[in-house]
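The values are calculated or read from the model by the stated rules, or taken from the named source; none is laboratory data. What you are looking at is a predicted structure, and each value in this text was computed from that prediction instead of being measured. With ideal geometry, Cβ positions are generated from the backbone for all residues, glycine too; neighbour counts draw on all protein chains shown. Just so you know, the surface numbers come from the protein's heavy atoms only, side chains and all, with ligands and any DNA or RNA stripped out. Shrake-Rupley method; radii C 1.70, N 1.55, O 1.52, S 1.80 Å.
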Amino acid sequence: MSRDLVTIKGGKDGFRLLVDSSASMEEIEAEIKKKLDENPGFFPEGTKFELEVADLDRSVKKGINQILNQRGLGVELSVKKDPPPTIDEQSQMPPQYFIQHDGNVEAQEMTVVEHTVRGGEEVTSQGSVLVMGNVNPGAQIIAGGSIDVRGTCRGMVHAGAWGDISAVVIADRLMPTQIRIANMIARSPDIMEKSDFAERAYIKDGQIIIEPIER
Amino acid sequence: MSEVIVVTSGKGGVGKSTTTANLGVGLAMRGKKVVLIDTDTGLRNLDLLLGLENRIMYDLIDVVEGRVEIKKALVRHKKYENLQLLPTSQVKDKSAVNPADLMALCDELRKEYDFVIIDCPAGIEQGFQTAIAGADTAIVVTMPEVSAVRDADKIIGELGRSEKDNIKLIINRIRPAMVDSGEMMDMDDINDILAIKCIGQVPDDIKVVTSANRGEPVVGDSDSQAGKAYENIVGRLLGEDIPFMEFEKEGFFKKLMKAFKLSKD
Ligand SMILES: Nc1ncnc2c1ncn2[C@@H]1O[C@H](COP(=O)(O)OP(=O)(O)OP(=O)(O)O)[C@@H](O)[C@H]1O
Ligand SMILES: [Mg+2]
């Protein structure tokens, strides 16, 4: 049996769209339409797909985005991913992130972004997000869980975006334009000072509090 | 080993064409074989900066559409024989050339030239995608200005998504006195945000404009700080390790002289 050219996988992090890079645009288009039609109602308007491909042409990426846009769907971020792990590797590396609050340790799935998130880029995840780089002005991180930036955070970050008030934002240098946690918003001061230590933002007594932490 | 470099910026008017012209002349002065390609179709002006407008016979579109051979369309520089310009059309629009065309063209040119430098149009539309298609290296030009740095950041992201990972930065039109007084972003802030290798810091210099008007890029002019800065960039492109220069500030004395001159007139 030939392999599917297009695969849609659901996960805690939302939907992932896997596309065979050897397929032509026409084949991809037909497959995506077929897949979407098989399960209407499964993909409500506004659903974003994380596009997972080895090496797709830009024009193909654009084409996929267009097909999805026609149906009110979209591509959220195309990350260059390593090839999918083999079964063996999979069992050794569940991507988990432990958040501690009130003595409970909760495991959540985590999206790891291994580069600086630049202006105009957006990362959205149902779980937590770890950025191994900076979050630049004009970039956005939206996470169901917590956000950890191992670098300077100058963009907009929204942790606990679906209402989790225990979510936190941590950064080596926390100087975002806005921090949102659950339904609370903290705006940056108009004159931003460079912070020299890692900081954590969290909700306490109905307010977003920022405090230095040890890393 | 030849290198194809695209000069890009995101925001318009920050100095892409000026940079392209100066690096082209600078590399030619160092004996390299250089060809410059203007891809800002509809708005060409690289020929003006090089003083070659009246010598244009054919253009990029003629080459891409197969009407003439590349060799016939190249315009040789008046002073430096080893510098050629492939101008573009002022009447066609950017859709006349596509990424595959430019890639093929660059591959052809790299056989004969040490450096192919492509002047990119502003923006992130099709013209940008076309301009970057055949490049090994991208030079992002920005100015010490919040909006220009943001656009540079977006362009760097875009280059990354197009699998262009060799990206270098030039900060243009720096006014040291304003940086000192905190009215202009300083180099560390810009480098901290953009986080790519900086190969040039060029001061704002009236000589850039006056020399452009004469069709002679400032790079050979040792009286000009910008000219010196471009010379340094050329050296760095050739692999030399050159420290960034300290700018002469427009000090109290100079200002006084100016004020004096003004009041005398
Ligand atoms: N270092 C400098 N000092 C003073 N003037 C400069 C400097 N660099 C560029 N300029 C001036 O700024 C203007 C814009 O420069 P240039 O045309 O090179 O920008 P560009 O990025 O190519 O613009 P476009 O996006 O329209 O193609 C020109 O008038 C040029 O002379
Ligand atoms: Mg220009």
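List of remarks:
- Accessible area that becomes buried as B packs against A, both chains, 1.4 Å probe, Å², nearest 100: 1300 Å²
- Within 10 Å of the Cβ of each residue in B:158-164, the mean number of Cβ atoms contributed by other protein chains is 3.
- Sorted on the mean count of surrounding Cβ atoms within 10 Å across their residues, most packed first, peptides A:135-148, A:163-176 read A:135-148, A:163-176.
- Around the amide H of B:MET184, modelled in the peptide plane, lie the amide H atoms of B:VAL179, all under 5 Å away and 5 or more residues distant in sequence or on another chain.
- For A:129-141, mean number of other protein chain Cβ atoms within 10 Å: 2
- The protection proxy used here, the mean number of other Cβ atoms lying within 10 Å of each residue, ranks peptides B:152-161, B:29-38, B:221-230 as follows, highest first: B:152-161, B:29-38, B:221-230.
- The alpha carbon centroids of segment B:188-238 and segment A:165-215 are separated by 39 Å.
- Taking chain B as a Gaussian network of alpha-carbon nodes connected by springs under 10 Å, the highest mean-square fluctuation of the residues B:THR137, B:THR19, B:THR39 belongs to B:THR137.
- Counting heavy atoms of the protein chains alone, B:VAL64 has an accessible area of about 40 Å² for a 1.4 Å probe.
- Close amide H contacts of B:CYS198 (hydrogens built in the peptide plane, cut-off under 5 Å, sequence separation of 5 or more or a different chain): B:LEU169.
- Extension gain for B:GLN90-B:ASP107 works out to 3.7 nm (0.36 nm per residue, less the C-alpha to C-alpha distance).
- Relative to the Cα centre, the charge distribution of segment B:3-259, modelled as +1 at Lys and Arg Cβ and -1 at Asp and Glu Cβ, gives a dipole magnitude of about 660 debye.
- Cross-link pairs beyond the 31 Å C-alpha cut-off, checked among B:LYS94/B:LYS228; B:LYS79/B:LYS154; A:LYS61/B:LYS92; B:LYS94/B:LYS154; A:LYS61/B:LYS11; B:LYS94/B:LYS168: B:LYS94/B:LYS228; B:LYS79/B:LYS154
- Interface burial in segment B:110-156, defined as at least 20 Å² less accessible area with all protein chains than with the chain alone at a 1.4 Å probe, covers B:GLN129, B:ARG150, B:ASP153, B:LYS154.
- Remark: relative contact order (segment B:3-259) = 24 percent; criterion is Cα-Cα distance under 8 angstrom and separation of 6 or more residues.
- Average other protein chain Cβ within 10 Å of Cβ, residues B:192-201: 3
- In Å², nearest 10: area of B:LYS168 left accessible to a 1.4 Å probe: 40 Å²
- Accessible surface of segment B:39-182 [probe 1.4 Å, protein heavy atoms]: carbon and sulfur percent: 47 percent
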